[in-house]
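Visitor: Attaching a single structure in structure tokens format; questions to follow.
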Amino acid sequence: MKKIIANLNKAFDNKVRLGIMSMLMVNDWVEFRTLKDMLELTDGRLASHIKSLEGSKFIKVRKEFVGKRPQTTYCATKSGRKAFSDHLDALEALLKNRE
């Protein structure tokens, strides 16, 4: 059992980061506003969790102008996808109570 828990990634312990990564795993790029609305978060709360995931190199940030408006979008990096997939595998193993 200890080995299964050891395989869980602390970066995804928080439900907000779990939600962000879940959305990024099934979409190429997701806008800040979409993440904020779907996860029902304030700008500041979302920004702090994004900063954490970006610091771990699990997500990439793209800032650009669409017309005259700034737009920030995010995607999961290759290492982020691997880490999240490994985390989900560890959760599944925990639920099945196997290693």
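The values are calculated or read from the model by the stated rules, or taken from the named source; none is laboratory data. The model shown is predicted, which means the values in this text are computed figures rather than measured ones. Heads up, the Cβs are rebuilt from the backbone with ideal geometry, glycines too, and the neighbour counts pull from every protein chain shown. Please note that ligands, DNA and RNA were not included when accessible areas were found on the heavy atoms of the full protein model with its side chains. Shrake-Rupley method; radii C 1.70, N 1.55, O 1.52, S 1.80 Å.
Visitor: Whether any residue in region 2-15 is modelled with pLDDT under 95 and among the β-branched types (Val, Ile, Thr) is what I want to check.
Guide: Yes, that holds for at least one residue.
Visitor: What residue, of 28, 86, is assigned to a loop (DSSP other than H, G, I, E, B) and acidic (Asp, Glu)?
Guide: 28
Visitor: Sticking with this one: List, please: which pairs have Cβ atoms under 7 Å, are six or more places apart or on different chains, and start with a residue in region 47-63 that is at negative phi and end with one that is assigned to a helix (DSSP H, G or I) and open to solvent by 30 Å² or more (accessible area, probe 1.4 Å)?
Guide: 49/17; 52/17; 53/17; 58/79; 61/54
Visitor: Report, by residue number, each residue of region 79-99 that is without any contact (Cβ under 8 Å) to a residue 60 or more places away in the chain, open to solvent by 50 Å² or more (accessible area, probe 1.4 Å) and closer than 18 Å to residue 17 by Cβ.
Guide: Within region 79-99, 79, 81, 82, 88 meet the criteria.
Visitor: Show the residue pairs meeting these rules: Cβ distance below 9 Å; 6+ apart or different chains; first residue within region 1-21 and part of a helix (DSSP H, G or I); second residue open to solvent by 90 Å² or more (accessible area, probe 1.4 Å) and modelled with pLDDT under 80.
Guide: Cβ pairs passing all conditions: 3/99; 4/97; 4/98; 4/99.
Visitor: For residues that are basic (Lys, Arg), open to solvent by 90 Å² or more (accessible area, probe 1.4 Å) and over 13 Å from residue 24 (Cα atoms), scanning just region 36-65, find the one that is farthest from the chain's Cα centre (by Cα).
Guide: Per the criteria, the residue is 63.
Visitor: Inside region 51-78, can you point out the residues that are assigned to a strand (DSSP E or B) and either under 23 Å from residue 14 (Cα atoms) or of a type in the set (Lys, Arg) (or both)?
Guide: Listed by number, the residues that qualify are 59, 60, 61, 62, 63, 69, 72, 73, 74, 75, 76.
Visitor: Would you pick out the residues in region 25-35 that are open to solvent by less than 60 Å² (accessible area, probe 1.4 Å) and in contact with a Lys or Arg (Cβ under 9 Å, 6 or more places away or on another chain)?
Guide: Of everything in region 25-35, just one residue is open to solvent by less than 60 Å² (accessible area, probe 1.4 Å) and in contact with a Lys or Arg (Cβ under 9 Å, 6 or more places away or on another chain), namely 25.
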